[in-house]
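Data first, discussion second: the structure below is written as structure tokens.
The values are calculated or read from the model by the stated rules, or taken from the named source; none is laboratory data. These numbers were taken from a predicted model, which means no experiment stands behind them. Neighbour counts are summed over all protein chains in view; Cβ atoms, including those assigned to glycine, are modelled from backbone coordinates with ideal geometry. Just the protein is used for accessible areas: all its heavy atoms, side chains included, with ligands, DNA and RNA removed. Shrake-Rupley method; radii C 1.70, N 1.55, O 1.52, S 1.80 Å.
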Amino acid sequence: MKIGDIVEYDNEFGIVIEIPEIDDNGKYLSGDLLVKWDNEKENDIENYLGNLEGFLKIVGKHEFKFIKQKEHLKK
């Protein structure tokens, strides 16, 4: 999976995002891939490695109600 992928689990949809870790000089060190779920909770974010790994399905399209998809695509 990669940043920007739309995923589904148990009829719930989300988008794969990254929260980067940056050093004091602004250099990218690493990042965790997470799923931001499409619901009214602004920060419903979950690490997809672990409990969800292997259960998430990548879907082609989904019309999000609460997520602005373009904000989460890799630049």
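Rounded to the nearest 0.05, the FRET efficiency derived from the C-beta distance between Leu33 and Gln69 at R0 = 25 Å is 0.95. When the chain is treated as a Gaussian network with alpha carbon springs shorter than 10 Å, the biggest mean-square fluctuation among Lys27, Lys41, Lys57 belongs to Lys27. Springs between Cα atoms under 10 Å define the GNM used for the chain, and in it the highest mean-square fluctuation of Asn43, Asn11, Asn25 occurs at Asn25. Taking all protein chains as shown and a probe of 1.4 angstrom, Asp10 keeps an accessible surface of around 130 Å². Using a Gaussian network model of the chain in which every pair of alpha carbons under 10 angstrom is joined by a spring, one finds that among Gly26, Gly54, Gly14 the greatest mean-square fluctuation is at Gly26.
Please compare each pair in Lys27/Lys65; Lys27/Lys57; Lys2/Lys61 to a cut-off of 26 Å on the Cα-Cα distance and tell me which ones are over it.
Working: Lys27/Lys65 34 Å; Lys27/Lys57 32 Å; Lys2/Lys61 15 Å.
With Cα atoms farther than 26 Å apart: Lys27/Lys65; Lys27/Lys57.
Once the 1.4 Å probe is applied to the protein heavy atoms, region 1-62 comes out at 69 Å² accessible per residue. For region 1-48, the fraction of 1.4 Å probe accessible surface lying on carbon and sulfur atoms is 41 percent.
Within the chain, which is the longest segment that contains none of the GluC sites (Glu not before Pro) sitting in a DSSP loop with at most 16 other Cβ atoms within 10 Å? Please list the in-between numbers first.
Details: sites that count: Glu40, Glu42, Glu53, Glu63.
Longest site-free region, per DSSP loop and neighbour criteria: 1-39.
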